[in-house]
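To start, the structure itself, in structure tokens.
The values are calculated or read from the model by the stated rules, or taken from the named source; none is laboratory data. Everything numeric in this text was worked out from a predicted model, so none of it was measured. Methodologically, a virtual Cβ is constructed for each residue, glycine included, from the backbone with ideal geometry; neighbour enumeration extends over all protein chains shown.
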Amino acid sequence: MPPATRALILINIAVYLVELLAPNVMLGLFALWPLHSGMFRLWQLVTYAFLHDPRFWAHIFFNMFALFMFGRGLEQYWGSRRFLGYYFVCLIAAALTQLAVEGASGEPVLGASGAVFGVLLAFAWYFPRTRLILIPIPIPMPAWLFVTIYALLELFFGVTGTMSNVAHFAHLGGMLGGALCILYWRARHRFSS
């Protein structure tokens, strides 16, 4: 496994273990709290992405599994430095989107999902024909279609308020941040050539 992907996974697991020991302290200080809550701090734009719901191990498992599956291919393609830069752009974009769209809710946001959705978008962008299987539907489909369906589902759930305990707009914000980052890199490369 490439070093940046491995480091992100290990840091997430280590923070999760600390979170199991002191969940209230960790969530109070490092989860992404709404701006009006009085608990928001600037560092939470990054730290929230290293926390996961301490009541459900599946939250961290699926985020880290997706990071393992899709992050390593991107890191091998881009290199560690560019991959890490991209990952952090996605997680900050996810946080800002969540704050802008659902700032009135009193619940904090946590989890690497926004950054992971950005990684999914980049994987589909650079490896669009790679065959993936959407669980629970065991039908192989190209990565571009897989990610498009996933994004449309997130948009539907976010707009309708379905599964309201999930930060759907953070997921979409991670994808948007990733798309803007890739477009910026392409434009910069075009102008420098």
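Each row is one residue, and each column tells you yes or no for (1) of a type outside the set (Val, Ile, Thr); (2) at pLDDT 80 or above; (3) not in a helix (DSSP H, G or I).
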site: PRO128; (1), (2), (3): yes, yes, yes
site: ILE135; (1), (2), (3): no, no, yes
site: HIS171; (1), (2), (3): yes, yes, no
site: TRP185; (1), (2), (3): yes, yes, no
(message) Checking the conditions here, which among ARG55, ARG82 is over 12 Å from ALA115 (Cβ atoms) and part of a helix (DSSP H, G or I)?
(response) ARG82
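For (1) within 20 Å of GLY174 (Cα to Cα); (2) at pLDDT 95 or above; (3) touching a Ser or Thr at 6+ places or on another chain (Cβ under 9 Å), each residue gets a yes or a no:
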| position | (1), (2), (3) |
| --- | --- |
| MET1 | no, no, no |
| LEU10 | no, yes, no |
| LEU21 | no, no, no |
| LEU29 | no, no, yes |
| TRP33 | yes, no, no |
| MET39 | no, no, no |
| ASP53 | yes, no, no |
| PHE56 | no, no, no |
| ILE60 | yes, no, no |
(request) Take the range 46-90 and flag every residue that is more than 24 Å from PRO128 (Cβ to Cβ), among the aliphatic types (A, V, I, L, M) and surrounded by fewer than 18 Cβ atoms within 10 Å (Cβ to Cβ). (result) VAL46, ALA58
(request) Starting from the range 48-75, take each residue that is in contact (Cβ under 8 Å) with a residue 60 or more places away in the chain and more than 20 Å from VAL89 (Cβ to Cβ) and list its partners that are among the charged types (D, E, K, R) and buried (at least 17 other Cβ atoms within 10 Å of the Cβ), counting only C-beta distances under 9 angstrom and pairs at least six apart or across chains. (result) HIS52/GLU19
